1. With a 1.4 Å probe and all protein chains kept in place, how do Val157, Val58 rank by accessible area, largest first?
2. Based on the alpha carbon coordinates of the range 1-46, what radius of gyration and maximum Cα-Cα distance (Dmax) apply, in Å?
3. Can you give me the Kirkwood hydrodynamic radius for the range 24-66, using every pair of distinct Cα atoms, in Å to one decimal?
4. How big is the range 35-143 by Rg and Dmax over its Cα atoms, in Å?
5. Work out from phi, with θ = phi - 60° and the Karplus expression 6.51 cos²θ - 1.76 cosθ + 1.60, the ³J(HN,Hα) of each residue of the range 89-104, listed in order in whole Hz, and give x for Gly and Pro.
6. For helix 157-172, report the angle its Cα long axis makes with the longest principal axis of the Cα atoms of the chain; keep it between 0 and 90° and round to the nearest 10°.
7. For the chain, what does the helix formula give at 222 nm: sum of -39500 (n - 2.57) over DSSP H segments with n ≥ 4, over the residue count, nearest 500 deg cm²/dmol?
8. Within straight cross-link reach of Lys103, meaning Cα distance under 16 Å, which aspartates and glutamates are found once same-chain residues fewer than 8 apart are removed?
Amino acid sequence: MAEALRASIVSGELSPGVPLRQEELARRYETSRIPVREALRLLQAQGLVHLEPNKGAVVAPLDAAELRENTEMREAAEVLALRKALPHLSNAQIDEAAAIQDKIETSDVSEYGRLNKSFHMTLYAPCERPRLLEHVSGLHDIAERYLGVTLSQLDYVSRSSSEHRGILDACYARDTEAAITLTSQHILDAGRALEQFLVQS
């Protein structure tokens with residue numbers, strides 16, 4: 001239930017500010033109100049839902065300040081994860097990330113968030129820092145909704161794919177500093193572009 005509701009929010013089917021009434025959600029997903037309440041609490045923790053006293057739940061707004069914080073945290077955490085992973089990263093693992101990138105370039109945009117997260121997490125997996133990986137995973141979950149807007153409103157798919165290919169090339173070459181620099185720019189540039197869009201909208 002939580003995943004289905006999350007998908008509706010991330011895709012934009014449920015717009016920012018839309019009320020999320022427990023009775024309506026229970027009917028929509030053919031369940032009782034208890035799973036609905038649990039799903040809303042979970043999605044609140046992910047920043048997708050706001051629970052307002054005496055008003056109930058609403059889809060959280062797209063917030064430039066939240067995006068900026070998430071971008072900064074992702075850049076710091078993912079650079080650390082990649083730096084720790086690179087000495088242990090095998091060609092087979094890079095090949096796996098490259099195969100995911102192939103899927104990104106042929107899949108529907110609705111699949112981009114899931115595949116993008118998988119691409120990055122595959123490269124970070126050998127870092128041997130489970131808490132760091134869990135932290136990065138959570139940041140990607142929050143960022144997915146913003147990523148969808150970036151791709152649809154700013155036509156960012158081709159640029160993002162080109163940057164992924166550059167990161168892969170640097171990883172294959174075992175060029176640590178290039179891989180880190182490209183990853184940092186990849187995260188920060190997308191975040192800044194969308195933040196500017198949100199501020200101007």
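1. Correct descending sequence by accessible area is Val157, Val58.
2. 9.8, 25
3. So the Kirkwood estimate lands at 11.2 Å.
4. Taking only Cα atoms of the range 35-143, I get Rg and Dmax of 16.5, 55 Å.
5. Per-residue couplings from phi come out as 6, 8, 4, 5, 5, 5, 4, 4, 5, 5, 5, 5, 5, 4, 5, 4 Hz.
6. 40 degrees
7. Only helices count here, giving -24000 deg cm²/dmol.
8. Filter leaves Asp95, Glu111, Glu163.
The values are calculated or read from the model by the stated rules, or taken from the named source; none is laboratory data. Source: prediction; values computed, not measured. No Cβ is skipped: glycine too gets one built from the backbone with ideal geometry, and neighbour counts run over all protein chains shown. Accessible surface areas use protein heavy atoms only, side chains included; no ligands, DNA or RNA. Shrake-Rupley method; radii C 1.70, N 1.55, O 1.52, S 1.80 Å.
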